[in-house]
1. Can we say A:ARG191 is in contact (Cβ under 8 Å) with a residue 60 or more places away in the chain, away from chain B (no Cβ under 12 Å) and basic (Lys, Arg)?
2. Within the group A:VAL229, A:VAL217, A:VAL202, which residue is assigned to a helix (DSSP H, G or I), within 12 Å of chain B (Cβ to nearest Cβ) and touching a strand residue (DSSP E or B) at 6+ places or on another chain (Cβ under 8 Å)?
3. Could you please give the count of residues in the range B:284-307 that are within 22 Å of B:LEU122 (Cα to Cα), in contact with a Phe, Trp or Tyr (Cβ under 7 Å, 6 or more places away or on another chain) and either of a type in the set (A, V, I, L, M, F, W, C) or surrounded by fewer than 17 Cβ atoms within 10 Å (Cβ to Cβ) (or both)?
4. Anything in the range B:246-264 that is away from chain A (no Cβ under 14 Å) and either part of a loop (DSSP other than H, G, I, E, B) or among the hydrophobic types (A, V, I, L, M, F, W, C) (or both)? List them, or say none.
5. Which residue out of A:TYR157, A:TYR137 is hydroxyl-bearing (Ser, Thr, Tyr) and more than 14 Å from every other protein chain (Cβ to nearest Cβ)?
6. Can you name the residue in the range A:114-134 that is in a loop (DSSP other than H, G, I, E, B) and at negative phi and is also farthest from the other protein chains (Cβ to nearest Cβ) among such residues?
7. Take the residues of the range B:125-163 that are part of a loop (DSSP other than H, G, I, E, B) and more than 26 Å from B:ALA217 (Cβ to Cβ): which is farthest from the other protein chains (Cβ to nearest Cβ)?
8. What do you reckon, is A:LEU86 of a type in the set (A, V, I, L, M, F, W, C), over 22 Å from B:ASN111 (Cβ atoms), assigned to a helix (DSSP H, G or I) and more than 14 Å from chain B (Cβ to nearest Cβ)?
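The values are calculated or read from the model by the stated rules, or taken from the named source; none is laboratory data. Predicted model, so just to flag it, every value in this text is computed and none were measured. Neighbour counts run over all protein chains shown; Cβ positions are idealised from the backbone, glycine included.
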Amino acid sequence: MFESLTDKLSHTFRNLRGKGKLTEENMADALKEVRTALLSADVHFRVARNFINEVKEKCVGQEVTKSVSPGQQVVKIINDELIQLLGGDSPEIPEKKPLRVMMVGLHGSGKTTSSAKMGRWLTANGYRPLLIACDVYRPAAIDQLEQLAAQESLGFYAERDHKKVAKIGKNALQYAKDNGYDALLFDTAGRLQIDKDLIEEVKDLRKTIIPDEVFLVADSALGQEAVNVAQHFHEAVDLTGIILTKLDGDARGGAALSMKAITGVPIRYAGIGEKPEDFERFHPDRMASRILGMGDVVSLVEKAQENIDQQEAEKMAEKMRKADFNLEDFLSQMQQVKKLGSMQSILSHLPGMGNVQIGDEENNKMKRTEAIVLSMTLQERRNPKLLNGSRRNRIAKGSGTKVSDVNQLLKQFTQMKKMMKAMRGGKGKKMMRAMQEKMGGGAGGLPKLPGMGG
Amino acid sequence: MAGFFAKFKRGLAKTSRTIFSPIGGLFGSKKLDADALEELEESLYSADFGVETTEEILEEIQSAYRKNKDLRGQEAAAIGASVLKQVLAGSAGQLTAAETPPTVIVLLGVNGSGKTTTTAKLAHRLTKEGRSVLVAACDTFRAAAVEQLRTWCDRLSLDLIASQRGADSAAVAFDAMQAAKARGKEFLLIDTAGRLHNKSHLMDELAKIRRVLAKHAPSAPHHAWLVADGSLGSNTVEQARVFNEAFGLTGLVVTKLDGTSRGGALAGIYRELQIPVFFLGLGEGEEDLQPYDVDHYTQAVFGLGDD
């Protein structure tokens, strides 16, 4: 697990508070940390170096504000700079019919899946898309596209007996015209950027179909190679955008920065899941916090939305508000949290928590708690007051724990309930507000820095 | 072995040429200077070895340079190779057969890493070595994954057990295990669906495959290999860690090394998890799966000869 950059920098800058100005000298260590963070996030060496130099220029001479730690100040500058670099000017798809889109990329980057996802997305935006199978090499690649097209009710065109990709492309243009399709998606075969013959093939296809958009489909977990790949493809087919795939993984995604920085080709879309609807416009702010390892609160919130039963959550919130919360609710809440994945993976999404290690011990503790609650009768769970000595004894035996464990859990539960009661009052509201502010509230990469207004 | 090395070098030779040539003969007979050292740093980082290994290699070369300002590129390369060799010592896996056949090998990995192609190539390789092999298509999720494997199996005359898309992958594994036993196959290769390692429900599905196999033979699967895309970076280490926790990995296959990627992430994985590497994928043809060897790998990465 990567230590959050914010934590590292706070540490490096510890002695700088109130020292007046940021200078090249007092920032040297910190910038080295930033460089290491970027390199371990797979940002290309050269891009990392240039980036550091730019940040240095921006930082030097800045006053160290009293309310913010210098570490946070530098991180803010870095974050803004990153968003700027990643985002820039990402254009919309031109409003044009027929629209011609071509997908290129390495093997296994997700071209076929992205073609189908984009087709679905275009349908939602008022187009009638046609998927065109131009991968004549990989076994069953045509079948894959055909199945996806059928599944998403998109048009499909292929010539199974032909290997001449440019010819297939040309015929597809006619087919689309004859059948009233107004968005053409050309799914090409995966190829190495240095494979001369195959690169010629896509160049030919490009000349024939004259696409409005040429997208490089790139895996967000790409390593240092990303720069080579993007550069070569850009030279060969003049890319208009990058689609970043598998962003639902946990790669830090430095490759995105490298590709954008070196080629200037904007990152336009992102694949964010297995399902056809998991496709969206690229968000530079989220990517920036991800690369810096500052936690991705937005993703966590989304993950929670995906996994937690909304009704269940509302019911729970209502119960908490009324302080009418029993052990049964406690259990169901615990099970909801478990759906989010291991505690470790939840924490790794939170800023500043990346380096907190949750060992088996914590997970076992959760399991033990669950076992204890599960050993209670429904009545006991709903009304914990029933739990006298002999019942506690039985529960301990049933769950394979000690009576003291049961007692401890009940004590914790009582405290929790007390807290909920307290929250009902005016003091509680204030507390909640403060907590919300701390959590950053709403989208946007950088979590609100304590002490920065608000 | 010589044939293997030639192939391996052809794959990785593109690599050493493209990466190390812009350095202007850095790894040639020219003497090093400060600029060359910085370029060296860049080229080392670009191999995806990870910050730790890269810094170790750099330190060794720099300290040698401090002692001897006449250090030549070739000598620096040899130092680099020897540091990497130390890091990778013992990382070559040996494929052992189970006591009672079939020996079951499960191939796992994230989407698009090359599992299906690797399954086909590995089956072909074992068949050519005179082993009897059965292939199981347990990727029942991706569109046309079964067809992809079936095309390979038809082309290479391999036996395949498959169901249709959407079927229970563990059920296919169960049937395949039964068939492998009944047909007296020596090896059973199981191709699984690509899954991102941070999706817990998909990882649970793997656990089910394991349970089902163990019903037939408590020691199965005998091998569980992560198929990793060689062009990916540091996340491969994370992938290996999580797949290892969820399923228990016994090995690694690094694919797509016929381009300019050098798959340096395998160093990070071996360093942290001591998971050995069995094969490297060096191209799209059925012959392009080659056994991994520490010496050959390190020599090829640093553009050294095969002596």
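1. Criteria not met by A:ARG191.
2. Exactly one residue qualifies, and that residue is A:VAL229.
3. 1
4. Matches in the range B:246-264: B:PHE247, B:GLY248, B:LEU249, B:THR250, B:LEU252.
5. Of the residues listed, the single one that is hydroxyl-bearing (Ser, Thr, Tyr) and more than 14 Å from every other protein chain (Cβ to nearest Cβ) is A:TYR157.
6. Here the answer is A:ASN125.
7. My answer is B:SER157.
8. yes
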